[in-house]
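Engineer: One structure coming up, written as structure tokens, with questions to follow.
Just so it is clear, none of the values below were taken in a lab; they were calculated from the coordinates. Just so we're clear, the structure is a prediction, and the values are computed from it rather than from any experiment. Quick reminder, even Gly has a Cβ in these numbers, built from the backbone with ideal geometry, and neighbours come from all protein chains shown.
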Amino acid sequence: MTRQFFVGGNFKLNPTSREAKRELVNILNKATLNPQTEVVIAPPALYLIPVLELLRKDIKVAAQNSHTKNSGAFTGEISPVQLVDAGIPYVILGHSERRTLFGETSVIVAQKTRAALDAGLRVILCVGETLAEREAGSTQKVVEEQLRAVVTLLSPGDWSRIVIAYEPVWAIGTGKVATAAQAQEVHADTRKYLTSAVSPEVAESTRIIYGGSVTAANSKELATQPDVDGFLVGGASLKPEFVDIINATAV
Ligand SMILES: O=C(CO)COP(=O)(O)O
């Protein structure tokens, strides 16, 4: 089975003007992109609908977060059914910034994932260890614990709408990218975990992408790894080099 290469751009809380947002979209609209690669960009919530309207239709749009509930007294939240209603197909959940800065536990991330799938969204599910956890030798334990909470709330059929993003916290926004070997090791172990926790078919078909200081310069080597099925790009998704990352697998 071949897994379609997937490149996501997580704009985080950037840019800060409608004009700058339009420029980012224009770069992508003008670019020659590898048609074999699935491309998804995640602008801030306020820009989701304008980006959807401006952006070429072969690039998809993702929200950066969604709530566990679809409506009600939840000030400041965005609901999965609202995203679907707005024509947004994807949501990023469990990003380390949500976990560490906004107190999202693995259980909350799992509940959000369940709610997003129930509404009809696809989910880019982020997992990853801190530097201290890596140095303590507990990388795989941490990644599996984060995934286990989700596994318990999903049925095997749900996994066709999940992309796992392995994002080691120590590599996010630090310029310290995981080596191709480090990424491959965690991706392969994660696939092994899915084999036993869900099924061999789900393990084989689920895309596991890497995130953390991905650049045009390091993306090509990372992309050669058999279990690296794409990238989730932060800082570099705000620059023209994002196009080169999208095309990292082009020969
Ligand atoms: O968090 C990330 C993507 O979700 C990665 O961010 P950077 O590419 O800026 O390290």
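Engineer: List every residue pair whose Cβ atoms sit under 7 Å apart, with the two residues 6 or more apart in sequence or on different chains, where the first one lies in region 208-237 and is in contact (Cβ under 8 Å) with a residue 40 or more places away in the chain and the second, anywhere, is away from the ligand (no atom under 12 Å from the Cβ) and basic (Lys, Arg).
Structural biologist: Ile208/Arg191; Asp227/Arg191; Asp229/Arg3; Asp229/Arg207; Gly230/Arg207
Engineer: Still on this structure: If a residue has to be over 22 Å from Pro89 (Cβ atoms) and either within 16 Å of the ligand (Cβ to nearest atom) or free of Cβ contacts under 8 Å to residues at least 24 places away in the same chain (or both) to count, how many in region 145-160 make the cut?
Structural biologist: 1
Per-residue answers, yes or no, for (1) among the hydroxyl-bearing types (Ser, Thr, Tyr); (2) in contact (Cβ under 8 Å) with a residue 40 or more places away in the chain; (3) more than 25 Å from Asp227 (Cβ to Cβ):
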residue: Val7; (1), (2), (3): no, yes, no
residue: Ser17; (1), (2), (3): yes, no, yes
residue: Leu28; (1), (2), (3): no, yes, yes
residue: Ser66; (1), (2), (3): yes, yes, yes
residue: Leu83; (1), (2), (3): no, no, yes
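Every residue, every condition in (1) of a type in the set (Gly, Ala, Ser); (2) out of contact with any strand residue (DSSP E or B) (no Cβ under 9 Å at 6 or more places or on another chain); (3) surrounded by fewer than 24 Cβ atoms within 10 Å (Cβ to Cβ); (4) not in a helix (DSSP H, G or I), yes or no:
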| site | (1), (2), (3), (4) |
| --- | --- |
| Gly76 | yes, yes, yes, yes |
| Thr100 | no, yes, yes, no |
| Glu104 | no, no, yes, yes |
| Ile108 | no, yes, yes, no |
| Arg114 | no, yes, yes, no |
| Asp118 | no, yes, yes, no |
| Val123 | no, no, no, yes |
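Engineer: Being under 15 Å from Leu154 (Cβ atoms), of a type in the set (Ser, Thr, Tyr) and in a loop (DSSP other than H, G, I, E, B) is the filter; apply it to region 190-225 and report the residue that is nearest to the ligand (Cβ to nearest atom).
Structural biologist: Thr206
Engineer: Any idea which residue in region 128-181 is nearest to the chain's Cα centre (by Cα), counting only those that are crowded, with 19+ Cβ neighbours inside 10 Å and hydroxyl-bearing (Ser, Thr, Tyr)?
Structural biologist: Restricting to residues being crowded, with 19+ Cβ neighbours inside 10 Å and hydroxyl-bearing (Ser, Thr, Tyr), the top hit is Tyr166.
Engineer: Name the pairs: first residue in region 161-182 and within 9 Å of the ligand (Cβ to nearest atom), second residue part of a strand (DSSP E or B), Cβ to Cβ under 6 Å, at least 6 apart or on different chains?
Structural biologist: Taking only residues 6 or more apart or on different chains, the pairs are Ala165/Ile124; Ala165/Cys126; Ala165/Ile209; Ala165/Gly211; Ala165/Leu232; Glu167/Cys126; Glu167/Gly211.
Engineer: Let me ask another. Of these, Val109, Val142, which one is closer than 27 Å to Lys60 by Cα and touching a residue at least 12 places away in the same chain (Cβ under 8 Å)?
Structural biologist: When all the criteria are applied, what remains is Val109.
Engineer: Can you pull out the residues in region 72-112 that are farther than 22 Å from Leu46 by Cβ, within 16 Å of the ligand (Cβ to nearest atom) and in contact with a Leu (Cβ under 8 Å, 6 or more places away or on another chain)?
Structural biologist: Val109, the sole residue that qualifies.
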